[in-house]
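All remarks here apply to the structure that follows.
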Amino acid sequence: MTFPEREARARGGQIPLLLVRGENLPHAWEQAMLAVWEHGVDVRTEYDRRDGEGKFIDPPSRDCTMVIEVTDPFGEPRIHKNFPGGPEELEVYRQEVVEGIHDHWVDPTDPDKWTYTYHERLYRYSPTEDLDDPQAPRLNSVNQMEYVVNKAAARHYSRRIQAITWMPTADPQTTDPPCLQRLWFRLLEDDAGELVLNLNTHWRSRDAYKAWFMNAFALTDLQRKIAAEVSLRLGRPVRLGRYVDISDSFHIYGSYFSAFGPELEKMRKDPDYRKRAWPSDYPAVLEMIEETHRKLQEDPDYMRGSPA
């Protein structure tokens with residue numbers, strides 16, 4: 001099929017601010033993808049390919065600043081069938097973010113390894129001035145998620161329950177700095193007096209097509225984990241509230257347009273996203289996740305890629 005052409009110029013140099021709401025993760029992802037395509041602007045990126053004469057091969061990315069609210073992060077169906085990946089990739093990434101199964105891949109001095117994982121930055125944050133120099137001094141490691149749980153248990157109404165990833169002393173010099181910048185948690189009581197854990201995540205840059213769904217799936221599972229730990233500490237129920245996802249640059253790369261085109265047409269022609277999503281207890285999904293657990297136990301480097 002031919003991907004629909006649409007030139008989108010920024011008015012007065014302003015990047016659009018778009019806000020969407022979805023009842024669960026697949027719904028929110030589709031709403032966001034439609035919104036950035038219809039209302040985003042064309043912006044060149046550092047990754048656009050050129051030919052031998054220096055002319056661009058790829059069209060410009062479609063970009064905006066995006067705020068996405070997911071009203072029920074664990075609402076079913078929870079897994080979109082058509083994000084670039086599958087249940088196996090999703091489970092590996094979830095364990096990478098929530099459990100830290102790939103933290104052993106962090107070694108900035110090795111070009112075949114990574115400069116960070118989100119789990120490593122959140123659970124062992126240790127700023128340095130030079131990630132490439134193993135002898136460079138580092139500040140003492142901080143388990144920020146332990147602080148999150150402790151603070152939430154001590155002062156559940158606090159506005160200070162947050163964690164960061166960015167190292168201003170080192171990340172600007174790296175070729176692959178973190179996209180995720182900050183997590184902000186807020187506990188509020190509902191009308192029945194039950195605690196509800198809300199989560200905001202803040203991102204400097206976001207690959208809308210290939211990264212958003214996996215990011216949100218993993219971080220809402222981290223939200224679930226933190227809620228369970230706070231509940232255990234307080235001795236009272238803590239349920240999950242809404243998830244809000246804020247991206248300074250929420251973009252679809254021009255090189256992805258041909259792959260994204262068919263998915264866009266499905267979303268446009270039939271707004272019933274449920275036809276394109278699986279419940280998390282779908283038998284085939286559970287079977288693939290179980291197989292992924294087995295493969296990871298046999299090979300900790302199974303499905304090694306790059307941090308999203």
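In whole angstrom, and with the biggest value first, how far do the Cα coordinates of the chain range along each principal axis?
Extents along the principal axes: 59, 52, 47 Å.
Once Rh for region 63-166 is found with the Kirkwood sum over Cα pairs, what is the Stokes-Einstein diffusion coefficient at 4 °C and 1.567 mPa s, in µm²/s?
D = 78 µm²/s.
Given axes a ≥ b ≥ c from the Cα gyration tensor, I'd like to know whether region 41-101 is rounded (a/c under 1.5), prolate (a/b larger than b/c) or oblate.
Prolate is the answer for region 41-101, as a/c is 1.5 or above and a/b outweighs b/c.
Give the Kirkwood hydrodynamic radius (Å, one decimal) of region 1-142, defined as one over the mean of 1/r across all pairs of different Cα atoms.
Here the Kirkwood hydrodynamic radius works out to 19.0 Å.
Give me the base-10 log of I(q)/I(0) for region 172-283 at each q in 0.20 Å⁻¹, Debye formula, one uniform scatterer per Cα, rounded to two decimals.
Calculated log10 I(q)/I(0) at the listed q: -1.15.
Sum up the lysine pairs in the chain that clear both bars: alpha-carbon distance under 30 Å and a spacing of 8 or more or different chains.
Counting lysine pairs in the chain gives 21.
Please compute the Cα-Cα pair-distance distribution of region 82-124 with 5 Å bins starting at 0, giving whole percents from short to long.
6, 23, 24, 20, 17, 9, 1, 0
If you count, for each residue, the other Cβ atoms within 10 Å and average over each peptide, how do 169-180, 290-301, 25-36, 47-58 line up from highest to lowest?
25-36, 169-180, 290-301, 47-58
Provide the FRET efficiency to the nearest 0.05 for the E291-A192 pair, computing r from the beta carbons and using R0 = 41 Å.
It comes out at approximately 0.50.
Antiparallel DSSP bridges in region 13-298: what percent, to the nearest 5?
Looking only at bridges with both residues in region 13-298, the antiparallel portion is about 60 percent.
What three numbers, in Å, describe the spread of the alpha carbons of region 166-216 along their principal axes, ordered from the longest?
49, 29, 11
Go through G13, N215, F260 and say which Cα lies farthest out towards the positive end of the charge dipole of the chain; charges sit on Cβ, +1 for Lys and Arg, -1 for Asp and Glu.
Sorting the options by dipole projection puts first G13.
Over the chain, what relative contact order in percent results from Cα pairs under 8 Å that are six or more residues apart?
It comes to 24 percent, rounded to a whole number.
A short reminder: the numbers here are calculations on the coordinates, not readings from a lab. Computed from a predicted model, the values in this text were never measured in an experiment. Cβ coordinates were reconstructed from backbone atoms using ideal geometry, including for glycine residues, and neighbour counts include every protein chain displayed.
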